[in-house]
């Protein structure tokens, strides 16, 4: 049969596409291909309330694993609660919800088989099966990174505590920890009173991850917070590119979605805002018009993505690694909640962009800015 939509890849972007299509085009037929045996891998995705456009909460709500009315940031000399709702999606929940959404006649879910060829109308699988679609979307993830960029590296441990964690809100950035290897902060999600995701995160020049050292740092952080006993139930890690160059969003055929198509926030690492907007653009029109709808959306976002890359160039090339935390402290000291929300959501205005640049920067390293970085080819990873 010919499906209305064939999606190659089974991560967050694919999940949002399925949910948007099932809600907004309930009669559409969908095929989804994923090379692993489960959808979503081993990931946690978070997003802000403003990342969800009006009328789109119904697409997202079934995927949400945990929600909070705000979040906290900590820097030396500055502690702030941002009163913007914050949400997280765990990959296990995404897997369960998408499996259910694709049950029934007219849909197909192919797990544990790789897509070896993706064209505008056809996806060929490693076992020889072919899936034909009126609209084919390639959401298989990014290829090797060969252009200069910074990196967001992280290792997170999901832990079960023997006693409740004292804070109800997530800590999105705790930069009161010693700074090394770039901008370092700890990210804490209280998934329940006794279950936490504690993540060591770095905005750094290289994609290397040192698991043994980072596990110890998570342990040290919990001990310093007064936690005496816990057990690790899950671990995730990754290295995400933060580009300061590159072109505009791809809008060809087949449609390239997710990280492979540039549909992520270059300056934050958050993939949800752009991925959701891509999914809504596709779901709001018939299959034959999907490419035009995505091109129109790209036209709205490209200048914002170019500005975000410019910010990355300043961060990674003009500011010494040991001083990068000062830039983030200034932003959280000066910007109101609404401006921060628009920035994360890729909905910021030209005035917002100017406000991000106004103020005294950390000491600049002009030699570093003018030098030519050497970046070996590397795959972005998220384990």
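Some points to look at:
- The listed residue being surrounded by 18 or more Cβ atoms within 10 Å (Cβ to Cβ), within 30 Å of residue 324 (Cβ to Cβ) and touching a residue at least 12 places away in the same chain (Cβ under 8 Å), out of 17, 12, 21: 12
- The lone criterion from (1) within 19 Å of the chain's Cα centre (by Cα); (2) surrounded by fewer than 22 Cβ atoms within 10 Å (Cβ to Cβ) left unmet by residue 229 is number (1).
- Residue in region 138-150 that is free of Cβ contacts under 8 Å to residues at least 12 places away in the same chain and not in a loop (DSSP other than H, G, I, E, B) present: no
- Scope region 351-362; condition in contact (Cβ under 8 Å) with a residue 12 or more places away in the chain and assigned to a helix (DSSP H, G or I); matching residues: 352, 353, 355, 356
- Top-ranked residue of region 28-78 - restricted to ones that are touching a strand residue (DSSP E or B) at 6+ places or on another chain (Cβ under 7 Å) and without any contact (Cβ under 8 Å) to a residue 40 or more places away in the chain, ranked as farthest from residue 9 (Cα to Cα): 67
- Test result for residue 348, within 18 Å of residue 265 (Cα to Cα), at pLDDT 95 or above, in a loop (DSSP other than H, G, I, E, B) and within 20 Å of the chain's Cα centre (by Cα): yes
- Index of the failed condition, residue 153 passing every other in (1) in a helix (DSSP H, G or I); (2) buried (at least 21 other Cβ atoms within 10 Å of the Cβ): (1)
- Residues being without any contact (Cβ under 8 Å) to a residue 60 or more places away in the chain, in contact with a strand residue (DSSP E or B) (Cβ under 8 Å, 6 or more places away or on another chain) and surrounded by fewer than 20 Cβ atoms within 10 Å (Cβ to Cβ) - total across region 87-120: 2
- Qualifying residue in region 249-257 (condition: under 26 Å from residue 92 (Cβ atoms) and either without any contact (Cβ under 8 Å) to a residue 12 or more places away in the chain or under 21 Å from the mean Cα position of the chain (by Cα) (or both)): yes
- Only one entry in 289, 342 is more than 23 Å from the chain's Cα centre (by Cα) and either at pLDDT below 95 or farther than 16 Å from residue 263 by Cα (or both), namely 289.
- Number of the exception - residue 123 against (1) farther than 28 Å from residue 191 by Cα; (2) surrounded by fewer than 20 Cβ atoms within 10 Å (Cβ to Cβ); (3) at pLDDT 95 or above: (2)
- Any hit, region 169-183, residues being on the phi > 0 side of the Ramachandran plot and at pLDDT 95 or above: no
- Hey, residue 219 touching a helix residue (DSSP H, G or I) at 6+ places or on another chain (Cβ under 8 Å) and farther than 24 Å from residue 346 by Cβ or not: no
- Boolean, residue 50 is at negative phi and in a strand (DSSP E or B): no
- In region 167-193, the residues that are touching a residue at least 40 places away in the same chain (Cβ under 8 Å), out of contact with any helix residue (DSSP H, G or I) (no Cβ under 9 Å at 6 or more places or on another chain), within 23 Å of residue 216 (Cβ to Cβ) and in a loop (DSSP other than H, G, I, E, B): 167, 170, 176
- Considering region 55-66, and only residues there that are within 17 Å of the chain's Cα centre (by Cα) and outside any helix (DSSP H, G or I), the residue that is surrounded by the fewest Cβ atoms within 10 Å (Cβ to Cβ) turns out to be 64.
- Any hit, region 74-94, residues being modelled with pLDDT of 95 or more, over 30 Å from residue 116 (Cβ atoms), within 19 Å of the chain's Cα centre (by Cα) and not in a strand (DSSP E or B): yes
- The combined condition, being under 24 Å from residue 91 (Cβ atoms), touching a residue at least 40 places away in the same chain (Cβ under 8 Å) and part of a helix (DSSP H, G or I), is fulfilled by residue 214.
The values are calculated or read from the model by the stated rules, or taken from the named source; none is laboratory data. Keep in mind it's a predicted model, so treat the numbers as computed, not measured. So basically every Cβ, Gly included, is an ideal-geometry build from the backbone, and we count neighbours across all protein chains shown.
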